[in-house]
Structure formats: C-alpha cells, structure tokens
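The structure appears below as structure tokens.
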Amino acid sequence: MFIVSVCSLKGGVGKTSVTLGLASAALHQEVNTLVIDLDPQGDSTLGLMGEPATGLDLAEVLSSPRTETVDRAIQSTPWADDAASHLDIIPGSGRSAVLDSPTPTTKELLRLRQALDKRTHQYDLVIIDCPPSLNGLTQTALAASDRSLVVSEPGFFAVTAADRALKLTREMREDGIAPRLLPLGIVVNRYRPRSVEHQYRLAELRELFGDAVLEPVIEERVGLQQAQGGAVPLHRYEGASGKRLTADFDALLRTVLDSRQHS
C-alpha cells in the first residue's frame, strides 16, 4: 500500500481537483485505490459520492483508530460501480475541523497511520486530500504517508507556499514522525498558457525548485469542473477538453506510482 498526501498551504489552488483527477486515473488504470477526505469541507466526498457523508467518517476514525472503526468507515464509491478495480473512500465532514489543531501532539499525529495499519481492506494506492493549511490534519496525513504531493497555482504567493509545504515534509521526516515520507514534488494546477503572469510564475517555480516541479502542468480547463459538478469520473467525461485532461492525469498518476521505486 502506497500512501500519498495531496496538500497545499492555501485554498483555491484546486487540490481536490487533483485528488479527483488522480482517483479517476487510478480507476481507469485498474489500480485499487482508497481516497481519504481529511478536508472538513468534504469536497472529495461530494465529488466521489454525489452527496455529503453519512454514517461513520474520518472524524470517528481519528477519534478511535481501531480495525472495526476504520473498516466500517470505508465506503465504496458510485464511480466504481461495475469497475474492475476498487475505488473506495473514508468520507470527510465538518466534524473533523475540531481535530485540526495548530499544535497537535505526537499521539494525535499518529492516529491515521495507526488506523490504516489496522485496516483489513487491501489497496495499491491511498490518496489523502488534505485541508488547505499545514495544521494538525495535514500533519496527520503526512505522518501516515510515503509521499507528499504539493499542489500550487502559478500565482504571486505560489513560491512561498510551495516552499513551506516542502519544508514541512523534510522536517517531519527528520523529526522521526514520518519516517517513510519523501516529497514527491509540486504539481502546478489551473495554468493558463496564454497568461503572461502564469508563464512568468511557472518559470519562476521551475528556476527555484527544478525537477521538483512535475510534468505535466495541469491547464485550467472547463471539463474538470464539469466532470466534478456531475460527480462522474473525468475519464467518463465526453466534453471537448476531456481527452487532454485524462492524458495529463494518467501521466501524473504514472509519476506518482513510479515514485515508489525511490526511497
């Protein structure tokens, strides 16, 4: 089981869009996948289930990281109906917001790792959609993860935000809280190739972070929002931009899976 946290320092960069794009690619490529919605806004839950969480959710898992709790919280998604592989979710809800402390204890940080170690369901890939901050819930995700994938936009605050997220990854590994954790890289999202500002900021990110800026860059296309609005996998979306988007997320997923070879 390979665990990847999708994180960012700020909202509005399309972190959940990247999570859902990767989930769609995983389903398309028949990779058994679990999505964990750590964002109290619950957008990944809404995108994958078509409705807000019902029953057990992530808040209960973190409060009681036992086999029974985590197994009962895992739900099959409608995306995977009649599919050859699993795409399941541990839903998120606003109830997890009370757990997002800016100063979490080590015990709190290790709860998700403990819960996942006790699950009976088997997966090839786990994708964790983090809140748009580096507080307790994001640190909890990183403590359980093998890789961190930082989502950035090509904007004025992108450099500082990406740098802080990568530094947190290194610090948590060095402190021994996340011994398996390595930075996977920065995925630039919502890029508009005709924007001079976006061209400049993308070049700036590449100059400062080099190979840590991943390919492909995800362009801003209406198909991604339309697929999410319909709560359907991107790979089933038939709009004009669908083929380009699916190709980009298939390539990004290959990069994610290939990173398993590096330690």
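If residue 134 satisfies all but one of (1) in a loop (DSSP other than H, G, I, E, B); (2) open to solvent by less than 20 Å² (accessible area, probe 1.4 Å); (3) closer than 21 Å to residue 164 by Cβ, what's the number of the condition it fails?
(2)
Report whether or not residue 160 is under 18 Å from the mean Cα position of the chain (by Cα) and assigned to a helix (DSSP H, G or I).
In short, no.
Condition check: of a type in the set (Phe, Trp, Tyr), farther than 30 Å from residue 78 by Cβ and open to solvent by 90 Å² or more (accessible area, probe 1.4 Å). Does residue 209 satisfy that?
It is false that residue 209 is of a type in the set (Phe, Trp, Tyr), farther than 30 Å from residue 78 by Cβ and open to solvent by 90 Å² or more (accessible area, probe 1.4 Å).
Identify, please: which residue in region 219-235 is among the hydrophobic types (A, V, I, L, M, F, W, C), assigned to a helix (DSSP H, G or I) and modelled with pLDDT under 80 and is, among those, surrounded by the fewest Cβ atoms within 10 Å (Cβ to Cβ)? Please lay out each step first, then the result.
Step one: of region 219-235, the residues among the hydrophobic types (A, V, I, L, M, F, W, C) are 222, 224, 227, 231-232, 234.
Adding the requirement that they be assigned to a helix (DSSP H, G or I) leaves 222, 224, 227, 234.
Still in the list and also modelled with pLDDT under 80: 222, 224, 227.
Numbers: 222: 11, 224: 27, 227: 26.
Here the answer is 222.
Check residue 126 against each of (1) at pLDDT below 95; (2) buried (at least 19 other Cβ atoms within 10 Å of the Cβ) and name the one condition it does not meet.
(1)
So how many residues does region 18-46 have that are over 20 Å from residue 57 (Cβ atoms), of a type in the set (S, T, N, Q) and buried (at least 24 other Cβ atoms within 10 Å of the Cβ)?
Residues that pass the stated criteria total 1.
In this structure, is residue 177 surrounded by 15 or more Cβ atoms within 10 Å (Cβ to Cβ), among the β-branched types (Val, Ile, Thr) and in a loop (DSSP other than H, G, I, E, B)?
Numbers: surrounded by 15 or more Cβ atoms within 10 Å (Cβ to Cβ): yes; among the β-branched types (Val, Ile, Thr): yes; in a loop (DSSP other than H, G, I, E, B): yes.
Criteria met by residue 177.
For region 143-150, does any single residue satisfy the condition of being among the charged types (D, E, K, R) and either farther than 28 Å from residue 118 by Cβ or out of contact with any strand residue (DSSP E or B) (no Cβ under 9 Å at 6 or more places or on another chain) (or both)? Walk me through it before giving the result.
First, pick out the residues of region 143-150 that are among the charged types (D, E, K, R): 146-147.
Now restrict to residues that are either farther than 28 Å from residue 118 by Cβ or out of contact with any strand residue (DSSP E or B) (no Cβ under 9 Å at 6 or more places or on another chain) (or both): none.
No, the conditions are met nowhere in region 143-150.
Inside region 61-122, counting only helices (runs of 4 or more DSSP H) that do not spill past its ends, which hold 1 or more residues that are in contact with a helix residue (DSSP H, G or I) (Cβ under 8 Å, 6 or more places away or on another chain) and open to solvent by 50 Å² or more (accessible area, probe 1.4 Å)?
Passing ranges, in order: 106-109, 111-117.
Applying the selection to region 27-50, what residues are part of a helix (DSSP H, G or I) and under 18 Å from residue 144 (Cβ atoms)?
Correct list: 44 only.
So for region 212-229 (the condition being in contact (Cβ under 8 Å) with a residue 24 or more places away in the chain, farther than 30 Å from residue 83 by Cβ and either in contact with a helix residue (DSSP H, G or I) (Cβ under 9 Å, 6 or more places away or on another chain) or of a type in the set (A, V, I, L, M) (or both)), does at least one residue qualify?
yes
Farther than 19 Å from residue 22 by Cβ, in a helix (DSSP H, G or I) and among the hydrophobic types (A, V, I, L, M, F, W, C): does that describe residue 209?
Judged against the criteria, residue 209 is a match.
The values are calculated or read from the model by the stated rules, or taken from the named source; none is laboratory data. Small disclaimer: the values here were computed from a predicted structure and weren't measured. Glycine gets a Cβ as well: all are built from the backbone with ideal geometry, and neighbour counts include every protein chain shown. All accessible areas refer to the heavy atoms of the entire protein, side chains included, with ligands and DNA or RNA removed. Shrake-Rupley method; radii C 1.70, N 1.55, O 1.52, S 1.80 Å.
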